[in-house]
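To start, the structure under review is shown below, and the notes come after it.
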Amino acid sequence: MTDNQEIVLNYLKEQFEDYGRFPVSLIAEFVDDCVEKLVDDEIIKAYRSLTNKEEFEVLAVFAEWGLKQ
């Protein structure tokens, strides 16, 4: 994974661990928070830099991680 993918993945994991949200809701909130600039600029830049393929890779790794929780 790229550094930017790791940044986004780690943010999703932290949010899930901290708040225990449903996975799909968590992802929707993450996108909304990026649009409204409610997360750190580093995270927003990392997310916006991802290609569609890279986003799917993040989602796949996040899903694998979530299934093990």
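Below are the figures for this structure:
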| item | result |
| --- | --- |
| Test: residue in the stretch 10-32 that is of a type in the set (D, E, K, R), in contact with a helix residue (DSSP H, G or I) (Cβ under 9 Å, 6 or more places away or on another chain) and on the phi > 0 side of the Ramachandran plot | no |
| Selection within the stretch 2-26 - modelled with pLDDT of 95 or more and of a type in the set (A, V, I, L, M) | I7, V8, L9, L12 |
| Subset of the stretch 45-60 (residues that are crowded, with 16+ Cβ neighbours inside 10 Å, more than 14 Å from Q15 (Cβ to Cβ) and not acidic (D, E)) | A46, L50 |
| Residue within the stretch 23-41 that is touching a residue at least 40 places away in the same chain (Cβ under 8 Å) and open to solvent by 50 Å² or more (accessible area, probe 1.4 Å) present | yes |
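The values are calculated or read from the model by the stated rules, or taken from the named source; none is laboratory data. The structure presented is a predicted model; accordingly, all values stated were derived computationally and were not measured. Every residue, glycine among them, receives a Cβ derived from its backbone with ideal geometry; neighbour counts consider all protein chains shown. Only protein heavy atoms, including side chains, enter the accessible area calculation; ligands, DNA and RNA are left aside. Shrake-Rupley method; radii C 1.70, N 1.55, O 1.52, S 1.80 Å.
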